[in-house]
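The values are calculated or read from the model by the stated rules, or taken from the named source; none is laboratory data. The shown structure was predicted, so the numbers you read here are calculated from the model rather than taken from an experiment. No Cβ is skipped: glycine too gets one built from the backbone with ideal geometry, and neighbour counts run over all protein chains shown. With ligands, DNA and RNA removed, areas are computed over all heavy atoms of the protein, side chains included. Shrake-Rupley method; radii C 1.70, N 1.55, O 1.52, S 1.80 Å.
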Amino acid sequence: MNPSLPPLKIDIVSDVVCPWCYVGKRKLEIALEKLKDKVNPEIQWRPYQLNPELPGEGVPYREHLVQKFGNERGLDAAWERIMKIGIDIGIPFHFEKIEKAPNTLRLHTFVSLMKDPSKQGQMVDALFQAHFVSGADLTDKTVVWNIVKEFISDESIFLDVWEKGMGTADITQEISYYRQNGVSGVPYYIFQGKYAVSGAQNPEVFVDVIETILREDEGSAG
């Protein structure tokens, strides 16, 4: 980050167990690396739940997704496609390791506790990696604590969220806000509060949007 460069505000609406959100994160990072001498990105992760109805103890992962895709063949084809993309961008997806689909409300709450955007991004990445690469059980309190304790040093705060639901009402309200404003799928990117990009687009798409913003800003300044 170079504070002398123009700030670029990026809000990313995402779910931490969405594989396309993980792909989108990496593709945006590739785009920002190409523009590292032009902008100073200020990224804020915003919550979204693809499956808010899931119980706290989670449900069997593959069985849950087969129901969503309609059949085993459709799910396997989708996984194969994502895995190939992942290889190209350095994400070794291991869907076969995942046993449970978790409810992500508490996980989003932990992310929201990070007031430092860089720490927030690091926690999101740690959750993505734990779920999609290691197959960690994100419904297990001890497993999740071992992931987030690097960022939340006070275990009592962790327990307030996990056991008492501290902050989860605010997250639910924020998710409702995005749904009411037309966000029906993630990842969803909002640049400078005015340009929206939906889906895990290729880096070139993000580069084009950012360069458009820079040209507009230069025109306004001129």
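Would you check which residues across segment 63-112 are touching a helix residue (DSSP H, G or I) at 6+ places or on another chain (Cβ under 7 Å) and of a type in the set (D, E, K, R) and list them?
If the condition is that a residue be touching a helix residue (DSSP H, G or I) at 6+ places or on another chain (Cβ under 7 Å) and of a type in the set (D, E, K, R), then GLU72, GLU99, LYS100, ARG106 are the ones that fit.
In the set LEU65, LEU107, LEU50, which member is modelled with pLDDT of 95 or more, open to solvent by 20 Å² or more (accessible area, probe 1.4 Å) and either part of a strand (DSSP E or B) or within 29 Å of MET166 (Cβ to Cβ) (or both)?
LEU50
Is it fair to say LYS141 is over 13 Å from the mean Cα position of the chain (by Cα), more than 22 Å from GLU53 (Cα to Cα) and not polar (S, T, N, Q)?
No, not satisfied.
Give the number of residues within segment 80-104 that are within 25 Å of ALA169 (Cα to Cα) and either in a loop (DSSP other than H, G, I, E, B) or within 15 Å of the chain's Cα centre (by Cα) (or both).
Selection size over segment 80-104: 3.
When you look at PRO203, is it in contact (Cβ under 8 Å) with a residue 24 or more places away in the chain, within 16 Å of the chain's Cα centre (by Cα) and under 20 Å from PRO41 (Cα atoms), yes or no?
no
Considering only residues of segment 18-31 that are among the hydrophobic types (A, V, I, L, M, F, W, C) and open to solvent by 20 Å² or more (accessible area, probe 1.4 Å), which is farthest from ASP76 (Cα to Cα)?
Out of the qualifying residues, it is ILE30.
Rundown of residues vs (1) of a type in the set (D, E, K, R); (2) farther than 18 Å from GLY199 by Cα, yes/no style:
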residue: LEU8; (1), (2): no, yes
residue: ILE12; (1), (2): no, no
residue: PRO19; (1), (2): no, no
residue: ARG26; (1), (2): yes, no
residue: ILE30; (1), (2): no, no
residue: ARG46; (1), (2): yes, no
residue: GLU57; (1), (2): yes, yes
residue: ALA78; (1), (2): no, no
residue: ASP88; (1), (2): yes, no
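Consider segment 80-93. How many of its residues are within 19 Å of HIS64 (Cβ to Cβ) and open to solvent by less than 60 Å² (accessible area, probe 1.4 Å)?
So the count comes out to 2.
Check segment 6-17 and report whether any residue there is under 14 Å from the mean Cα position of the chain (by Cα) and open to solvent by 20 Å² or more (accessible area, probe 1.4 Å).
Yes, because at least one residue in segment 6-17 is under 14 Å from the mean Cα position of the chain (by Cα) and open to solvent by 20 Å² or more (accessible area, probe 1.4 Å).
Residue-wise test of (1) of a type in the set (D, E, K, R); (2) touching a strand residue (DSSP E or B) at 6+ places or on another chain (Cβ under 9 Å).
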site	(1), (2)
GLY56	no, no
ARG81	yes, no
ASP88	yes, no
PHE95	no, no
LYS100	yes, yes
ARG106	yes, no
PHE132	no, no
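Check off (1) modelled with pLDDT under 95; (2) crowded, with 19+ Cβ neighbours inside 10 Å; (3) basic (Lys, Arg) for LYS115 and give me the number that stays unchecked.
Result: LYS115 passes all but (2).
Among the helices (runs of 4 or more DSSP H) confined wholly to segment 134-214, which include 1 or more residues that are open to solvent by 30 Å² or more (accessible area, probe 1.4 Å), out of contact with any strand residue (DSSP E or B) (no Cβ under 8 Å at 6 or more places or on another chain) and within 25 Å of VAL23 (Cβ to Cβ)?
141-148, 168-180
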